[in-house]
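Below is one structure, written out as structure tokens; comments come after it.
The values are calculated or read from the model by the stated rules, or taken from the named source; none is laboratory data. Everything numeric here is computed off the predicted structure, so don't read it as measured data. All Cβ positions, even for glycine, are placed from backbone atoms using ideal geometry, and neighbour counts span all protein chains on display.
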Amino acid sequence: MPSPMRLWLGCLGLAACIAAGNAARAESGGLTLFDRLGGEAKLRATVHEFVLIMESDDRINFTFANTDLKKFEQLLYEQLCNLTQGGCPYTGRDMYTAHAKLNITNAEFNALAEDLYEAFDRVHVPYRLQNKVVAMLAPMQHDVVKDHPVSQNPAVAK
Amino acid sequence: MEYFRALRAVVVTSCFLGVGLLGGQTAAAENLFGSDEGKFLLTAGFNDLEGSGGGGLVPLAFITGYGSSDSWGANAHFTSIQLKDFQLRTYGAAVGALDRVELSYTRHEFNVTGTPLDGLGVSQDILGLKIKLLGDAVYDQDSWLPQICVGAEYHKNDGIDHAAQAGLAGVTRVTQLGASAAHGTDIYLAATKIFLAESLVVNAAVRATRANEFGLLGFGGDRKSSDSYEPEGTIAWLPTRRLAVGSEIRTRPRNLTLDDESTAYDVFVGWTPTKNLSLVAAWLNLGGVLGPATGVTRHQDGPYLSIQAGF
Ligand code: HEM
């Protein structure tokens, strides 16, 4: 009988191989993440739901007070389409510049991600694909969140 | 005594449960306690056996609670483990601040429920401190760097109850069973990586310890009294935003002739319906426990159930 640790590491290795195999198969199938998410229709619906959810989320909606939301919706769609290999050009500003004046905190960043998860749920994109998108967005925290942000949320007691 | 302890655990847990739910997560920027509850679901972790933020058996390099790097969080837990011949109840509270520092307190109440030592009880208090050193498990998706924490767990064993009933009249301290000391400190380093694109969490830790059965049988012993360096690991799959399914393993030193201590492992399902409540159900296997002392050498496995409430 192998030691529990060996058995455990063995199972871990096996799981890793299966996961890697699955990933390779998905890619060799020639489908981009954009396709797997459901293409333009699904992604536009997601971004639309996201804007609705964000508008009623007091944790972050105040940051969009002076934003043209139609334009924002289009730019966010372009960006997600571009990132997921949907082939759209992204015509907006870079993430650092777009958020430079907003004093966004980590909690606000995470709140926005939660709203995006919620939007994906509403249009029935599976969680494992949602995570693939959020995994691409998460490192943008370095550009979006300032080093020592002070929330501008009027609801936070200063 | 038994009933008093159980009652105390229930009261403490339900108070915190109440407080946690009262704090309530809303779509507002702060809860009643000034916490922003700003971290992702599941990233507070559960409470490990020693009360630190982790799975059920192994600490994770997460700071407990749902406060973001500008805030704080706290939780309380109650855990019940019933192995074939042994029972462990733990309860305690933990606080995480600035997503950087974690403090925890946990009480262990251990009872022998089978074997010739039936009736024996041991208890201990554990104080934990964890500090995040580097990396970010969520944001660093574009790098291989895990989130890394260093932690310390100070254990103080309260001694042995009802030894006479178990045929060990006069035994009141773990040092009488061969332990070198009744208190000790574990130091660990934990590295946790969330592979978000794969919905996987992988964690590895190493612990410098001389604890016998998590300190329930004291520290160091007749076979070895110095620190051992023991590896630990966690793997968890996230099938939904609120569920983690996985397994943990933890090797342990064997310091006492009386105790055939070996590797502990579990499989678990953790469910976090809201940032104020988590439930863990696991199957835990500690291997042999006190085999040479009791003559009962079968594996000690059984259900592990834990509830955590907080924010
Ligand atoms: C990974 C996370 C994020 C992504 C991918 C993202 C994406 C975008 C995009 C594509 C734009 C349009 C850029 C342009 O106008 O040229 C934008 C603008 C904006 N974002 Fe973000 N954003 C993120 C995080 C956040 C967060 C956390 C907040 C606030 C809580 C926020 C608030 C805003 C606001 C208010 C604007 C409009 C700025 C303006 O009107 O000048 N964003 N974002």
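Per-structure values
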| item | result |
| --- | --- |
| Elements of type helices (runs of 4 or more DSSP H) contained in the stretch A:74-158, each with 2 or more residues being touching a helix residue (DSSP H, G or I) at 6+ places or on another chain (Cβ under 9 Å), of a type outside the set (S, T, N, Q) and more than 11 Å from chain B (Cβ to nearest Cβ) | A:95-99, A:106-122 |
| Residue that is surrounded by the most Cβ atoms within 10 Å (Cβ to Cβ), among those in the stretch A:1-34 that are in contact (Cβ under 8 Å) with a residue 40 or more places away in the chain and away from every other protein chain (no Cβ under 13 Å) | A:34 |
| Output for the stretch A:91-101, where each listed residue is near the ligand (Cβ under 7 Å from one of its atoms) and over 19 Å from residue A:48 (Cβ atoms) | A:93, A:95, A:98, A:99 |
| Count - residues of the stretch A:110-121 that are without any contact (Cβ under 8 Å) to a residue 60 or more places away in the chain and either more than 13 Å from the chain's Cα centre (by Cα) or more than 21 Å from residue A:32 (Cα to Cα) (or both) | 5 |
| Residue B:175 hydroxyl-bearing (Ser, Thr, Tyr), more than 13 Å from the chain's Cα centre (by Cα) and not in a loop (DSSP other than H, G, I, E, B) | yes |
| Matching option when the condition is out of contact with any helix residue (DSSP H, G or I) (no Cβ under 8 Å at 6 or more places or on another chain) and modelled with pLDDT under 95, among B:204, B:166, B:179 | B:166 |
| Residues satisfying the stated conditions in the stretch B:273-290, i.e. within 13 Å of chain A (Cβ to nearest Cβ) and touching a residue at least 40 places away in the same chain (Cβ under 8 Å) | B:274, B:275, B:284, B:286 |
| Qualifying strands (runs of 3 or more DSSP E) (wholly inside the stretch B:217-309; at least 3 residues being farther than 24 Å from residue B:193 by Cβ) | B:277-285 |
| Tabulated pairs, the stretch A:87-98, first under 12 Å from residue A:75 (Cα atoms), second within 6 Å of the ligand (Cβ to nearest atom) and not acidic (Asp, Glu), C-beta under 6 angstrom, 6+ apart or interchain | A:90/A:79; A:92/A:75; A:95/A:140; A:95/A:144 |
| Residue in the stretch B:267-283 that is surrounded by fewer than 17 Cβ atoms within 10 Å (Cβ to Cβ), touching an Asp or Glu at 6+ places or on another chain (Cβ under 7 Å) and at pLDDT below 95 present | no |
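Yes/no matrix, rows are residues, columns are (1) near the ligand (Cβ under 10 Å from one of its atoms); (2) within 11 Å of the chain's Cα centre (by Cα); (3) over 21 Å from residue A:152 (Cβ atoms); (4) basic (Lys, Arg):
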position	(1), (2), (3), (4)
A:58	no, no, no, no
A:75	yes, no, yes, no
A:79	yes, yes, yes, no
A:89	no, no, yes, no
A:103	yes, no, no, no
A:108	yes, no, no, no
A:123	no, no, yes, no
A:128	no, no, yes, yes
A:136	yes, yes, yes, no
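Residues checked against (1) more than 14 Å from every other protein chain (Cβ to nearest Cβ); (2) in contact (Cβ under 8 Å) with a residue 40 or more places away in the chain:
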site: B:175; (1), (2): yes, yes
site: B:199; (1), (2): no, yes
site: B:213; (1), (2): yes, yes
site: B:231; (1), (2): no, no
site: B:240; (1), (2): no, no
